[in-house]
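Trainee: The following block contains the structure, expressed as structure tokens.
The values are calculated or read from the model by the stated rules, or taken from the named source; none is laboratory data. Quick caveat, the model's predicted, so the values are computed rather than measured. Every residue, glycine as well, gets a Cβ built from its backbone with ideal geometry; the counts of neighbours run over all protein chains shown.
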Amino acid sequence: MDDAPAPVTWIQEFLDWFLGAPLQTLIAIAAAVVLLAVARWLVARAVRSIVEGGASVRSKAGNLLTRAGAGNLAAESNPLLVARRVQRAETMGSVLRSTAGLVVGIILLTALANIYGWELGPLVASAGVVGVALGFGAQTLVKDFLSGIFMLVEDQYGVGDVVDLGEASGVVEAIGLRVTQIRDLSGTLWYVRNGEVLRVGNMTQGWSKALVEVLVSPDADVPRATALLRTAAQEVAEHEELGRLLLAEADVTAYEDLTAEGVRLRLMVKTAPAQQWLVQRELRARIRDLFAAEGLPLALPRREVLVERDAPGPVAEGAPTRQDQSSTG
């Protein structure tokens, strides 16, 4: 008598079911989680490398430009530079992490569709229609975000920079993917959409330049005045604190302009970023003191004053005239 085949137990049925789509789903989800974790780790490492590498390159370039590297060591601890670097790193990291999450999500959705036999054609077509509609309706928003991403990647400006964006100019206080906040000299806080920025003038990136112009009278001793400008620049360079802000020797030129009012002299010197205004004020003060000590007057602007005489009014009836007064006299 032959033995009857053993019945299929519920454990075997569960294993047969679990080893199919559920196990493949768990493997796909686990692989997506691992892939997302690796992508986030790579993004964090890449952003940190980009920020630290950019700072290192700027530091080395600054060492080549400056006469001593001590100023750059102080610049590395500048709170504005640190805030700029941190904000740029956080924003770039947020964008890259979101992009990595979106890519991993699409890969996981495709894997699940293959496991369960889903038809993605209608879903893709619907997503395409929705994407086109959103593209027409939110193209300004997309433009702002794309401009913000490229602005951050290219490091066009950062927190603490003094920039000119056309309609708005001032100190950058905050940077986002859509909006940049700028505080002007009057204290007004401007919110500028990144998509509206067509040009950027950064007055404090890398290095700056102090410019001082002096107008002396046409008959003044121009060589002596030029020498006094060089003396003022030398005094600032030898100053304990201000000297570290200068990155090169001063360039003094005469006869930049010659008019009936006077001769224009010009002094230019390369300075550390955002320090040109402090250097300019100190140079003007020292130039004024040196000119006063040497008795060299500054040229006064030429003014023309036109005096219009009052026209003689009508003579009242019965009033004595000059002829009457002379005859009676």
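Trainee: Assess whether residue 149 counts as being surrounded by fewer than 13 Cβ atoms within 10 Å (Cβ to Cβ) and either in contact with a strand residue (DSSP E or B) (Cβ under 9 Å, 6 or more places away or on another chain) or within 24 Å of residue 91 (Cα to Cα) (or both).
Mentor: Considered against the rule, which asks whether it is surrounded by fewer than 13 Cβ atoms within 10 Å (Cβ to Cβ) and either in contact with a strand residue (DSSP E or B) (Cβ under 9 Å, 6 or more places away or on another chain) or within 24 Å of residue 91 (Cα to Cα) (or both), residue 149 comes out as no.
Trainee: Looking at 39, 55, 44 in this structure, which one is modelled with pLDDT under 75 and in a helix (DSSP H, G or I)?
Mentor: After applying the criteria, what remains is 55.
Let's see how each residue does on (1) of a type outside the set (Val, Ile, Thr); (2) touching a residue at least 40 places away in the same chain (Cβ under 8 Å); (3) surrounded by fewer than 17 Cβ atoms within 10 Å (Cβ to Cβ):
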| position | (1), (2), (3) |
| --- | --- |
| 189 | yes, no, yes |
| 201 | yes, no, yes |
| 206 | yes, yes, yes |
| 213 | yes, yes, yes |
| 216 | no, yes, no |
| 224 | yes, yes, yes |
| 228 | yes, yes, no |
| 261 | yes, yes, yes |
| 283 | yes, yes, no |
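Trainee: Then there's this: Write out, first by first residue and then by second, each pair whose Cβ atoms fall under 6 Å of each other, whose residues are 6+ apart or on separate chains, and whose first residue, in segment 93-118, is assigned by TED's automatic domain parsing to the domain that holds residue 47 and over 10 Å from residue 40 (Cα atoms) while the second is among the hydrophobic types (A, V, I, L, M, F, W, C) and not in a helix (DSSP H, G or I).
Mentor: Every condition considered, the pairs that remain are 113/120.
Per-residue answers, yes or no, for (1) in the same structural domain as residue 250 (by TED's automatic domain parsing); (2) at pLDDT 95 or above; (3) assigned to a strand (DSSP E or B); (4) under 20 Å from residue 216 (Cα atoms):
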position: 277; (1), (2), (3), (4): yes, no, no, no
position: 290; (1), (2), (3), (4): yes, no, no, yes
position: 300; (1), (2), (3), (4): no, no, no, yes
position: 315; (1), (2), (3), (4): no, no, no, no
position: 324; (1), (2), (3), (4): no, no, no, no
